[in-house]
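Peer 1: I have a structure I would like to understand better, so I am pasting it below and will then ask my questions one at a time.
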Amino acid sequence: MEKIKIIVASGNAHKMQEIGDILTDFELVSMKDMGFDGEIDENGSTFKENAYIKAKFIAETYNLPALADDSGLCVDALGGAPGVYSARYSGGGDKANRALLLKNLADAKDRTARFKSAICLYFPDGKTVYGEGACEGKILFEETGANGFGYDCIFYCNDLKKSFGEATAEEKNKVSHRFRALCDLKNKL
Ligand code: ITT
């Protein structure tokens, strides 16, 4: 049977790779491949709202189903920050974001944290399906491992008993917030 074509509304190549490795039952194309090279204003206050904004924009632009992931790291001792601001936490990219988070947690007794992901699949007729997932862990005291992206090397994953930076892509994709959100979405389709 022919696979349904879905545009992945993300400019993050790491996310694209993970979504492609997990969601194998669809034909996925990147928004870049569709010719989109702009920014989408993510002005929502929740992961779900931002996933909706990105998926709707791309689905309406190209008149095809579009899927977006909005995700981030939520740290208990920081009241859930950086949360939806994870990508823009320091204003200086992934390395600076990790450094700021470690600095802000220097005196924290509790380093409990979780990655969260919200996925929105938006169809051109306006129908939406959502998936949500989380992955529990702790913030490490220093960068550990070189795999992954974003906050992976400072996140100790409770399920894997090691950092996401030390995990292979296969290991991460079996337990991650993104994997769980995509499973939740698939169950609702
Ligand atoms: P798109 O919006 O274009 O998809 P983005 O990187 O801006 O790409 P988000 O707005 O959802 O994506 O921000 C998510 C940020 O949260 C991301 O840049 C990382 O810093 C962090 N993050 C999310 N999932 C992660 C993961 O699996 N591993 C490490 N960091 C992650």
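Peer 1: Listed here are the pairs Lys48/Lys174; Lys161/Lys188; Lys32/Lys174; which of them are more than 25 Å apart at the Cα? All intermediate terms of the calculation are to be shown ahead of the outcome.
Peer 2: Details: Lys48/Lys174 22 Å; Lys161/Lys188 30 Å; Lys32/Lys174 27 Å.
Table pairs above 25 Å Cα-Cα are Lys161/Lys188; Lys32/Lys174.
Peer 1: Using label points projected 7 Å from each Cα along Cα→Cβ, tell me how many nm separate Ala106 and Lys32, to one decimal.
Peer 2: 3.7 nm
Peer 1: Next question, about the same structure. How would you classify the chain from its alpha-carbon gyration tensor, with a ≥ b ≥ c the square roots of the eigenvalues: rounded for a/c under 1.5, else prolate if a/b is greater than b/c, otherwise oblate? Please list the in-between numbers first.
Peer 2: Details: a/c = 2.01, a/b = 1.66, b/c = 1.21.
Judged from the Cα gyration tensor, the chain comes out prolate (a/c at least 1.5, a/b above b/c).
Peer 1: So what's the angle, to the nearest 10 degrees on a 0 to 90 scale, between helix 13-22 and the longest Cα principal axis of the chain?
Peer 2: The angle comes out near 70 degrees.
Peer 1: On to the next question. When only C-alpha pairs under 8 Å and at least 6 residues apart count, what is the relative contact order of the chain, in percent? Walk me through the numbers before you get to the answer.
Peer 2: Details: 381 pairs, mean separation 35.5, N = 189.
Relative contact order comes out at 19 percent.
Peer 1: Run lengths n ≥ 4 of DSSP H only: what is the helix-derived mean residue ellipticity at 222 nm for the chain, with -39500 (n - 2.57) per run over all residues, to the nearest 500? Present the calculation step by step, with values, prior to reporting the outcome.
Peer 2: Values: 5 runs with 56 residues, N = 189.
Calculated at 222 nm, the ellipticity per residue is -9000 deg cm²/dmol.
Peer 1: Tell me whether region 129-189 comes out rounded, prolate or oblate; compute the Cα gyration tensor, take square roots of the eigenvalues as a ≥ b ≥ c, and use a/c under 1.5 as the rounded threshold. Numbers along the way, then the final one.
Peer 2: On the way: a/c = 2.65, a/b = 2.28, b/c = 1.16.
Here region 129-189 falls in the prolate category.
Peer 1: Please list, by residue number, everything in region 75-89 whose backbone N is under 11 Å from a paramagnetic label point 7 Å out along Cα→Cβ of His14.
Peer 2: 87
Peer 1: Using the heavy atoms of the protein chains and a 1.4 angstrom probe, tell me the accessible area per residue for region 1-101 in square angstrom. Present the calculation step by step, with values, prior to reporting the outcome.
Peer 2: On the way: 5230 Å² over 101 residues.
Result: 52 Å² of accessible area for each residue.
Peer 1: Sticking with this one: What residues from region 35-54 fall in the zone where the backbone N is under 18 Å from a label point 7 Å along the Cα-to-C-beta line of Lys188?
Peer 2: 44-54
Peer 1: In degrees, nearest 10, range 0 to 90: what is the angle between the Cα axis of helix 94-104 and the longest Cα principal axis of the chain?
Peer 2: Approximately 40 degrees, to the nearest ten.
The values are calculated or read from the model by the stated rules, or taken from the named source; none is laboratory data. A quick note: this is a predicted structure, and the numbers were derived from the prediction, not measured. Reconstructed Cβ throughout: ideal geometry from the backbone, glycine too, with neighbour counts over all protein chains shown. Heads up: the accessible areas ignore ligands, DNA and RNA and are worked out on the full protein's heavy atoms, side chains in. Shrake-Rupley method; radii C 1.70, N 1.55, O 1.52, S 1.80 Å.
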